[in-house]
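Undergrad: Can you read through this structure? Questions will come right after.
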Amino acid sequence: MQPTNIEADVVKFGNSAALTRTYNRAVILDALRRTESLSRVELARLSGLTPQAVRNIVEDLLAEGFVKQIGRRKGLRGQPQIEVAINPDRGYSLGFHLTGSECRYLGTNLVGDVVFEGGAFKLASDAAEIRRSLERIEAACSQSMQDRARLGVGIAVSAPLAMPRHREPHSDYLEQVGTIQHFFGPDTWIENDANAAAMAENLSGTAKERSDFLYIFIGAGVGGAIVRDSKLQRGYRGNAGEFGHILVDPNGPQCHCGNRGCLHTYLSLAEFGDRIDRLGSDDGEIKAWLARAVPPLTRAIVTLENAFDPDRIILGGTAPGWLLELLLAGVQEILPSICTDEAHQRVEISRLGSTSALLGASALPLLNLMTPHPDLLTKQSLEGMR
């Protein structure tokens with residue numbers, strides 16, 4: 001396995017000074033990505049770093065093109081401070097989402113805007129054929145992006161990932177993901193699609209200004225993500241957030257996991273297949289599905305609130321937006337939890353659309369760059385993360 005950028009700094013410098021510098025840079029970038037712009041004085045106040053440290057970091061980031069100065073804020077007394085903001089055009093990230101026999105891809109800039117529309121290709125069992133598809137994608141992307149630097153590649157997989165640090169994919173996609181990872185090199189990040197979608201929300205979605213939330217992924221499968229302090233909670237085996245297997249009815253339908261009455265058996269859209277795009281809110285099948293899905297989802301939401309006390313629960317995934325709206329309307333009469341009884345503030349839907357996991361895949365390298373990781377401040381902690 002190739003070291004990450006942060007691990008490479010440890011190897012290069014042999015102590016934690018480089019990690020401290022990397023961490024402080026990420027603190028500044030994280031504050032800027034959550035706001036439109038900030039002055040150096042505001043950055044020092046928000047980050048807790050000294051004004052001199054902030055000035056040095058900002059100067060480095062300006063020189064490297066990651067941030068830009070956007071002038072002085074008008075309407076303030078005295079001489080307003082010069083503000084800085086993320087420079088979205090500093091580079092881009094490529095994202096891939098593997099679902100069944102298809103792989104979709106696109107590219108986004110530093111603030112999560114799509115800058116390379118991408119498309120899809122069939123996942124062949126022949127690695128050489130996948131590489132030919134990737135060569136075509138690389139050529140088209142290079143032509144479109146021109147002189148912008150690629151900051152990394154993210155891959156979202158529609159399957160659980162069980163290895164520490166989520167650097168190795170589930171065996172269902174082992175060969176295909178390995179081919180993509182080998183083609184693009186060490187700056188490649190792999191995540192399951194529910195976690196990736198949650199990261200898209202954290203970069204540019206409804207959770208951009210929230211640090212604690214839960215994400216329920218609804219599609220052919222049902223998954224989820226737990227985000228605390230803007231970081232994914234992975235659990236002992238790396239599979240935290242499998243909300244689809246919350247038991248909502250012990251006498252319910254048989255689930256593929258071996259239990260009965262899992263949330264997945266009520267909320268999965270697998271029965272509709274591609275037909276979901278041709279159905280509408282007045283369709284009888286949709287009404288019947290909602291009648292089955294809303295009560296178990298409501299019970300699951302209360303369970304999750306009582307267990308995690310999140311700021312918000314976000315409904316998203318590959319489900320079409322209109323269906324998520326219907327679900328949200330259905331769960332407005334949520335049973336009270338010990339956390340809150342204010343139903344209108346408890347659940348909201350993703351505004352990123354059915355490509356949220358793909359957007360999240362592209363967000364993975366960007367968030368790695370712009371999110372402070374306290375557990376990486378000492379090189380000893382790296383040993384437990386491989």
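Undergrad: Which far-off residues, 5 or more places away or on another chain, put their amide H under 5 Å from the one on V347, with H placed in the peptide plane?
TA: For V347, whose amide H was placed from the backbone, the distant partners under 5 Å are I313.
Undergrad: I've got another one for you. Apply the Karplus curve 6.51 cos²θ - 1.76 cosθ + 1.60, θ = phi - 60°, to the phi angles in the stretch 58-67 and return the couplings in whole Hz, x for Gly and Pro.
TA: Calculated HN-Hα couplings, in order: 4, 4, 4, 5, 5, 5, 8, x, 6, 10 Hz.
Undergrad: Determine the principal axes of the Cα atoms in the stretch 230-282, then give the extent along each, sorted from largest to smallest and rounded to whole angstroms.
TA: The principal-axis extents, from largest down, are 42, 34, 16 Å.
Undergrad: Hey, can you grab everything whose amide H is under 5 Å from the amide H of K231? Only 5+ residues off in sequence or another chain; H modelled, so Pro and N-termini drop out.
TA: Result for K231 returns nothing.
Undergrad: Given R₀ = 41 Å, FRET efficiency for E64-D274 by Cβ-Cβ distance, to 0.05? Kindly include the intermediate steps, with their values, before the conclusion.
TA: Numbers: r = 45 Å, r/R0 = 1.09.
Efficiency for this residue pair is about 0.35.
Undergrad: Taking square-rooted eigenvalues a ≥ b ≥ c of the alpha carbon gyration tensor, is the stretch 98-141 rounded, prolate or oblate, where a/c under 1.5 means rounded and, failing that, a/b exceeding b/c means prolate? It would help to have the intermediate numbers written out before the result.
TA: On the way: a/c = 3.25, a/b = 1.75, b/c = 1.86.
Because a/c hits 1.5 or more and a/b fails to exceed b/c, the stretch 98-141 counts as oblate.
Undergrad: Keeping the other protein chains in place, figure out the carbon and sulfur percent of the accessible area of the stretch 137-278, with a 1.4 Å probe.
TA: Using a 1.4 Å probe with all protein chains present, the stretch 137-278 comes out at 46 percent carbon and sulfur.
Undergrad: Moving on. Calculated FRET efficiency, A120 and A149, Cβ-Cβ r, R0 30 Å, to nearest 0.05?
TA: On the way: r = 25 Å, r/R0 = 0.83.
Between A120 and A149 the formula returns 0.75.
Undergrad: Let me ask you something else. When the chain is fully extended, how far beyond the present Cα-Cα distance does E138 get from Q332, taking 0.36 nm per residue of separation?
TA: Details: separation 194, 0.36 × 194 = 69.84 nm, distance 4.53 nm.
Between E138 and Q332, full extension yields an extra 65.3 nm.
Undergrad: Using θ = phi - 60° and the Karplus curve 6.51 cos²θ - 1.76 cosθ + 1.60, what whole-Hz ³J(HN,Hα) does each residue of the stretch 319-326 get, with Gly and Pro shown as x?
TA: 4, x, x, 5, 6, 4, 4, 5
Undergrad: Moving to a separate point now. Would you please give the residues with an amide H less than 5 Å from that of V67, counting only those at least 5 places away or on a separate chain, with H modeled from the backbone geometry?
TA: L62, N87
Undergrad: Moving to a separate point now. What's the ranking of 290-297, 225-232 by average number of surrounding C-beta atoms within 10 Å, highest first? Mind dumping the intermediate values first?
TA: Values: 290-297: 18.1, 225-232: 19.8.
Result, highest mean first: 225-232, 290-297.
Undergrad: With a ≥ b ≥ c taken as the square roots of the eigenvalues of the C-alpha gyration tensor of the stretch 228-343, please select rounded if a/c is under 1.5 and otherwise prolate if a/b is larger than b/c or oblate if it is not? Write down the numbers at each step before the final one.
TA: Details: a/c = 1.55, a/b = 1.32, b/c = 1.17.
Verdict is prolate for the stretch 228-343.
Undergrad: What are the ³J(HN,Hα) couplings of the stretch 288-302, residue after residue, when phi is run through the Karplus curve with 6.51, -1.76, 1.60 and θ = phi - 60°? Round to Hz, x for glycine and proline.
TA: 5, 5, 4, 4, 7, 7, 5, x, x, 5, 4, 5, 5, 4, 4
Undergrad: For the stretch 162-302, what number results from the quotient of the Cα radius of gyration and 2.2 N^0.38 Å?
TA: Details: Rg = 16.9 Å, N = 141, 2.2 N^0.38 = 14.4 Å.
It is 1.17.
Undergrad: Where only protein heavy atoms count, and the probe is 1.4 Å, what is the accessible area per residue for the stretch 215-276 in Å²? Provide the component values of the computation, followed by the final result.
TA: Values: 2880 Å² over 62 residues.
Per residue, the stretch 215-276 has 47 Å² of solvent-accessible surface.
Undergrad: Measuring from label point to label point, each 7 Å out along Cα→Cβ, what is the R72 to E325 span in nm?
TA: For R72 paired with E325, the spin-label model returns 4.6 nm.
The values are calculated or read from the model by the stated rules, or taken from the named source; none is laboratory data. What you see is a predicted model; the values in this text were computed from it and never measured. Every residue, glycine among them, receives a Cβ derived from its backbone with ideal geometry; neighbour counts consider all protein chains shown. Ligands, DNA and RNA are stripped out before the accessible areas are found, and what is left, the full protein with its side chains, is counted by its heavy atoms. Shrake-Rupley method; radii C 1.70, N 1.55, O 1.52, S 1.80 Å.
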